[in-house]
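Enquirer: What follows is a structure written as structure tokens; I'll ask about it next.
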Amino acid sequence: MSRRYSLWALARNALSHHENWPKAWRSPQPKPAYDALIIGGGGHGLAAAYYLARLHGVRRVAVLERGWIGGGNTGRNTTIVRSNYLMDENAPFYEHALKLWEGLSQDLNYNVMFSQRSVINTCHTPGEREATMRRYNAMRLRGIDAEFLGREDLARIEPAMNLSPDSRFPILCALAQPRGGSARHDAVAWGYARAADAQGVDIIQNCEVTGIDRDPATGAVTGVQTTRGAIRAHKIGIAVAGHSSQVAAMAGVRLPIESHLLQAFVSEPVKPFLNTVVSTGAAHFYISQTDKGEVLLGGEIDGYNSYSQRGTLPKVEEVVRNATEMFPRIGRLRFMRQWAGVMDMTMDGSPIIGKLPVPGLYMSGGWCYGGFKATPGSGWCLAWTMARDEPHPLNAGFTLERFRASHMIDEKGAGPFPKAH
């Protein structure tokens, strides 16, 4: 059982120069069998394991991670949290996730550094303004916080923003969600890992799944083959970010998913000048400032399939060009790090959370750009579905079968092209 973090624990360990803190989670050897296995030790997988144990009483749970906790896509995103969605399936799900975010540090007894500094989406054309007003109205009707901002509001909230009518992308207005913001991505994984371990979940790192075993008679899953031996289980959840198709294929399931790269990069730390998280669809970039003062930038996907996790200079140039147009002062910054996350892109831009057509096999994937902000909600819904063998109403629409029935959840209206979402 992990010790509870507190002011007293901090003072006690300060007396020993912080050399005696207990490990945040154990490193057990894998057991021959579990009640449930989660493939993938990122935020989504760890959250599912935590909620399985804490809310549904499933104690014999293991998380199988081929690398180390926090070393995958959990640490390769831009940490934005929001629930400003339009569609009937997306809006309540992401709002539930946001409510979980708001109590997550207390729930996990771990500071995930969730900062509700507001998320602003700028509008640059009359058509974009109409679509944004529709989304604003839908959010308000659902009781989700939203504000429609004019240029005067933006000048007050983000004085560094270029609001000149002569700019390359003149800004007309914006939609803000004040409860949106950001969190520290690796702290989320560490917090869930520590809390899941305290519930008795075995977190097994450096354990790659190489096959999924099925009963020849029923077709149901019976366990997995791993680089650390075979493990039996009759319920297996897949939460592997950009590699969902590869893992599902081990059980003979073909997913309507492509994997693409999304790059991001951070600058040297500077004094605070950004008060919110700002994104723009017209210029294809988003920007925020971390608690350390680094300026964090990201843009569109690279446009080709890859698992490489490496960035490319043309995309960096494009994003920086657009960012300096909207925030001219960042043109003098030096960028320190660049990376790429591998994203599962579905054909409608919305995730798959639920049962797969193999008894005992479940998944949470196909998150496109939306994986990080969904972390608590994804784990919560996957745990519910695995424990009860049926979806919760919040994820009932995010089925694999919707692609067979052409019931798309196309938030962006981009059509059946994953790279367009």
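The values are calculated or read from the model by the stated rules, or taken from the named source; none is laboratory data. None of these values were measured; they are calculated from a predicted model. With ideal geometry, Cβ positions are generated from the backbone for all residues, glycine too; neighbour counts draw on all protein chains shown. Heads up: the accessible areas ignore ligands, DNA and RNA and are worked out on the full protein's heavy atoms, side chains in. Shrake-Rupley method; radii C 1.70, N 1.55, O 1.52, S 1.80 Å.
Enquirer: In the set R228, R321, which member is open to solvent by 30 Å² or more (accessible area, probe 1.4 Å) and under 18 Å from R66 (Cα atoms)?
Expert: Selected residue: R228, the only one of R228, R321 that is open to solvent by 30 Å² or more (accessible area, probe 1.4 Å) and under 18 Å from R66 (Cα atoms).
Enquirer: Next question, about the same structure. Name the strands (runs of 3 or more DSSP E) wholly inside segment 202-261 in which the number of residues that are in contact with an Asp or Glu (Cβ under 7 Å, 6 or more places away or on another chain) and closer than 19 Å to M386 by Cβ is 1 or more.
Expert: 202-204, 221-226
Enquirer: Do any residues in segment 294-308 that are in a strand (DSSP E or B) have Cβ atoms under 6 Å from those of residues that are open to solvent by less than 20 Å² (accessible area, probe 1.4 Å) and among the aromatic types (F, W, Y), where the two are at least six apart or on different chains, and which pairs are they?
Expert: The qualifying pairs are L297/F265; G299/F285.
Enquirer: May I ask you to list the residues in segment 54-103 that are more than 14 Å from the chain's Cα centre (by Cα), buried (at least 23 other Cβ atoms within 10 Å of the Cβ) and either part of a helix (DSSP H, G or I) or of a type in the set (A, V, I, L, M, F, W, C) (or both)?
Expert: Correct list: V61, A62, V63, L64, I69.
Enquirer: Return the only residue of N111, N137 being touching a residue at least 12 places away in the same chain (Cβ under 8 Å) and surrounded by fewer than 16 Cβ atoms within 10 Å (Cβ to Cβ).
Expert: Step by step, each of N111, N137 is checked, and only N111 is touching a residue at least 12 places away in the same chain (Cβ under 8 Å) and surrounded by fewer than 16 Cβ atoms within 10 Å (Cβ to Cβ).
Enquirer: Another one. Report, by residue number, each residue of segment 359-389 that is more than 29 Å from Y304 (Cα to Cα) and open to solvent by 10 Å² or more (accessible area, probe 1.4 Å).
Expert: P359, G360, W380, W384, A387, R388, D389
Enquirer: Taking I409, is it within 22 Å of G42 (Cα to Cα) and of a type in the set (A, V, I, L, M, F, W, C)?
Expert: no
Enquirer: In segment 218-236, is there at least one residue being under 19 Å from the mean Cα position of the chain (by Cα), of a type outside the set (A, V, I, L, M) and over 20 Å from I301 (Cα atoms)?
Expert: No: zero hits.
Enquirer: Next question. Give segment 108-155 a look and list any residue that's under 20 Å from A196 (Cβ atoms) and in contact with a Gly (Cβ under 9 Å, 6 or more places away or on another chain), or say none.
Expert: If the condition is that a residue be under 20 Å from A196 (Cβ atoms) and in contact with a Gly (Cβ under 9 Å, 6 or more places away or on another chain), then L108, N109, Y110, N111, V112, F114 are the ones that fit.
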